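Each remark here refers to the structure printed beneath this line.
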Amino acid sequence: MTSNTTTVPTPGRFIGRPVDRVDGRLKVTGGARYAFEHSNLARGTTPAYGVILGAGIPKGRITTLDTTRAEAIPGVLKILTYRNMAPQPAFGAPMPPNVPDVFTRARPMLSSDEILYYDQPVALVIAATWEAARGAAALIDIRYMQEPGFYDPLAAHAERYKPARINAGFAPDTAHGDADAALAAASITIDQTYRLPYEIHAPMEPHATLAQWDGERLTLHTSTQTIANIQSSVAASLAIPRGHVRVISPFVGGGFGSKLIPHAEAILAAIAAREMQRPVKVAFTRQQMFANAGHRPAMEQRIRLAADGDGRLTALVHDVTAATSRFEEFAEQSGVVSRSFYASATRRTTHRLVRVDTNRGEWMRAPGEASGLLALECAMDEMAERLTLDPIEFRIRNEPERDPETGAPFSSRNLIACMREGAQRFGWAQRSATPGARREGRKLVGIGMAGAMRPNYIGPAQARVAIDRSGQVTVQTDMTDIGTGTYTILAQIAAERLGLPLQAITVELGDSNLPRSPGSGGSWGAASSGTAVHNACLALCQKIADAARSHAASPLRGADPMQARFEEASLTLGDRSAPLAELIAQTSPDGLDATGSAARGETYKTFSQHAFGAHFAEVAVDIDTGEVRLRRMLGVFAAGKILNPKTARSQMIGGMIWGVGSALTEAAMLDPRYGHFVNHDLAEYQVPVHADIPDIDVIFLDEDDDKGNPLGIKGIGELGNCGANAAVVNAVYNACGVRVRELPVTLDKVLAGMA
Ligand code: MOS
């Protein structure tokens, strides 16, 4: 029997609190097992190790392949190459027209003698030890016939084409009004081009997989953001039913978009384990990550702005040209942010691609905004100077009433509040509008800012919540925790809704046997899985309340009030109350459980949903060397309710630090002769270290947005990375008057400008 109960949760006992990570102890004690560390193998088996040999040319064919010497190494069990691989499904069309295919398609490995990119796997050496496999890989005699390739996507002569769709399904081009006419008519215009180099995801944990078979069933312990994609794509690659693949990934050492689809290591581990009838572990080396685990494509963005005398934009044109792989397209939606960020009387955005002979580009944290805002927010800074307007005032004058692209109202938009709060806290008033005006010894000091915006997404998610007779709760979903705090926030949501202490909640994640979720990506994780858990808890509360009212053995039998309150580990109906554990034990000794789901509702069409923010950076530029050092940085964000200020703050700081890396140090250099990322390790591909980040702070504004989900939250995983690089670049300009438009802002570029 179901009565019409209103469940009134006590607000904010757990949600919104800076709760410590519930998995923190496991992580610091080594109890959290990552993919490569798993040792729960089938009885009597020991793993073999697979080491991937990568191609030494970027394009061409294998002419000689002799594994004799390698096979003679003690411990080597088998060497897989295109010559002895079992038949595999074809890779399929080079340009999958519809975006979801990309996540689930077959990805055959070692399937022919053709080389499509440098370091493409050409052999998998399987041995009893990793050392033997690695030693043997070096002894494979492989020779190639190299064919000419193209590796210079931003060259003037590069052949551009228009993709049918860009990432997240957007149209490549949009236009509102006659932007060309507005540009021609305006007296104040900006026409600048900004370049971003290839960037590499550098999660602490490289891609790694342990594969084992039990008959026709495959289990993968792997490092992934999205269980369901791995399950589908590995099943397609091995031509086995999806249900025969179990994917387990309870702990993930970072992903940043590089773990949304399976890569060579997972598929080769699965094939090798089948071949050997034995568990096989394969991991990428850090060097292999560069060519084999995706990158943010090199791109060029031309921004044209026109403004009237009041500082109102009359034209905004954002043209993106980016590299894409010849064999699999990826088009980052970098111009899309310009469709919704500022009001402008006219507007145009375009995306063009240039085919290069590299591996495919992939999603990298805040695909679209992290790159697009660099161009837009630097151009806004340049335009503000032309207008002799304060950059914040200029942005306020171009604040749109509604989404400029769709005309839909914003679900909430507190960009201006973020800028004002940040300006006040950061001491923006002390900024000199004249570059180079603040000198401290041999340093020039400046500050800059930029806005942040990132769409608020939600994806289809399911969760199950069960309570046992002792009042212990288990939350289950195949959602992942990629270091973001998923375990913690889901425990908080369940504790809050059920009125139980955190210790009563166990969260189980990262297993394809659990209810399906969209995983961690696109900043949709918390909203999607959190909503599913929230709804499952409400359904469970209803079941508990029904049992309490109606069950013969219930201490609350006959209680009739409409209101049920779950708090202090008790259920209260009217003026009667009973401990939850006692209620369950007496009414439902086998426990109770309920499921809940989340989906993208109508409000995603009727409202424009984004999280917003503003970054402030102060840098010092050395007059003699041009070296740029960050001095301090502040991010102010309005992103709906914040489930956990502690884990949220970590997310934002991580994103901001990446912005500093993008602005100042990160560039994967593609050798135009060999199509090879030459600086393919963390010694030469430089990400910021502690000494680069002296003082960084994060503020969240109070916001509660009820349009996207019942929790009132917005995605934050990528927001900190949106616009952070632009704030640093703008600060460099303010410090020394050098406007570097080709990232990273290294000292050679700064020094050239200062001389
Ligand atoms: Mo994100 S780039 O979808 O992990």
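The values are calculated or read from the model by the stated rules, or taken from the named source; none is laboratory data. Source: prediction; values computed, not measured. Here the Cβ is made from the backbone with ideal geometry for all residues, glycine too, and neighbour counts use every protein chain on show. Note: areas computed on protein heavy atoms with side chains; ligands, DNA, RNA excluded. Shrake-Rupley method; radii C 1.70, N 1.55, O 1.52, S 1.80 Å.
Here are some notes:
- Among the residues listed as G335, G407, G372, G311, the single one being on the phi > 0 side of the Ramachandran plot and touching a helix residue (DSSP H, G or I) at 6+ places or on another chain (Cβ under 9 Å): G311
- Every condition in (1) closer than 30 Å to I73 by Cβ; (2) surrounded by fewer than 14 Cβ atoms within 10 Å (Cβ to Cβ); (3) not basic (K, R) holds for H157 except the one numbered (1).
- Residue within segment 281-288 that is over 22 Å from the mean Cα position of the chain (by Cα) and at pLDDT 95 or above present: yes
- Just one residue in the set I115, I126 is crowded, with 21+ Cβ neighbours inside 10 Å, modelled with pLDDT of 95 or more and within 31 Å of the chain's Cα centre (by Cα); that residue is I115.
- Residues in segment 602-636 that are within 26 Å of the chain's Cα centre (by Cα), surrounded by 16 or more Cβ atoms within 10 Å (Cβ to Cβ) and either within 24 Å of V687 (Cα to Cα) or without any contact (Cβ under 8 Å) to a residue 40 or more places away in the chain (or both): G613, A614, H615, F616, A617, L630, R632, M633, L634, G635, V636.
- Condition broken by G92, with the remaining ones in (1) more than 30 Å from A171 (Cα to Cα); (2) assigned to a loop (DSSP other than H, G, I, E, B); (3) free of Cβ contacts under 8 Å to residues at least 40 places away in the same chain satisfied: (1)
- Any hit, segment 194-204, residues being closer than 28 Å to S371 by Cα, among the hydrophobic types (A, V, I, L, M, F, W, C), touching a strand residue (DSSP E or B) at 6+ places or on another chain (Cβ under 8 Å) and modelled with pLDDT of 95 or more: yes
- For segment 244-272, the set of residues classified as within 16 Å of the ligand (Cβ to nearest atom) and of a type in the set (F, W, Y) consists of F256 only.
- Residues that are within 16 Å of the ligand (Cβ to nearest atom) and open to solvent by less than 10 Å² (accessible area, probe 1.4 Å) within segment 332-361 comprise E332, Q333, S334, V337, R360, G361, listed in sequence order.
- Every test in (1) more than 30 Å from G675 (Cβ to Cβ); (2) without any contact (Cβ under 8 Å) to a residue 40 or more places away in the chain is passed by V22 save one, and that test is (2).
- Residue selected from segment 430-480 under the condition basic (K, R) and open to solvent by 60 Å² or more (accessible area, probe 1.4 Å), by the criterion nearest to V22 (Cα to Cα): R464
- Taking the numbered list (1) in contact (Cβ under 8 Å) with a residue 60 or more places away in the chain; (2) among the polar types (S, T, N, Q); (3) more than 16 Å from the ligand (Cβ to nearest atom) in turn, S523 passes all entries but (3).
- Residue in segment 505-524 that is assigned to a helix (DSSP H, G or I) and either within 18 Å of T226 (Cα to Cα) or touching a strand residue (DSSP E or B) at 6+ places or on another chain (Cβ under 6 Å) (or both) present: no
- Hits in segment 704-716 (condition: surrounded by fewer than 21 Cβ atoms within 10 Å (Cβ to Cβ) and under 14 Å from L643 (Cβ atoms)): D704, P710, G712
- Residues in segment 496-532 that are hydrophobic (A, V, I, L, M, F, W, C) and touching a Ser or Thr at 6+ places or on another chain (Cβ under 7 Å) were compared, and the one that is nearest to R13 (Cα to Cα) is A532.
- Of all the residues in segment 568-592, those that are in contact (Cβ under 8 Å) with a residue 40 or more places away in the chain and of a type in the set (S, T, N, Q) number 3.
- Any chance F327 is more than 22 Å from D101 (Cβ to Cβ) and away from the ligand (no atom under 14 Å from the Cβ): no
- When L305 is tested against (1) surrounded by fewer than 20 Cβ atoms within 10 Å (Cβ to Cβ); (2) away from the ligand (no atom under 16 Å from the Cβ), exactly one condition is not met: (1).
- Within segment 183-225, being open to solvent by 20 Å² or more (accessible area, probe 1.4 Å), away from the ligand (no atom under 16 Å from the Cβ) and of a type in the set (A, V, I, L, M) holds for L183, A184, A185, A186, I188.
- Close Cβ contacts (under 6 Å, 6 or more residues apart or on different chains) running from residues in segment 362-390 that are over 28 Å from S523 (Cβ atoms) and more than 16 Å from the ligand (Cβ to nearest atom) to residues that are part of a loop (DSSP other than H, G, I, E, B) and open to solvent by less than 10 Å² (accessible area, probe 1.4 Å) comprise L387/G311; L389/G311.
- Within segment 479-504, being at negative phi, in a loop (DSSP other than H, G, I, E, B) and within 16 Å of the ligand (Cβ to nearest atom) holds for M479, T480, D481, I482, T484.
- Matching residues in segment 717-755 - criterion: being open to solvent by 10 Å² or more (accessible area, probe 1.4 Å) and within 16 Å of the ligand (Cβ to nearest atom): G717, E718
- Where a residue in segment 161-182 is free of Cβ contacts under 8 Å to residues at least 40 places away in the same chain and its partner, wherever it lies, is outside any strand (DSSP E or B), with Cβ under 8 Å and at least six apart: A171/R165
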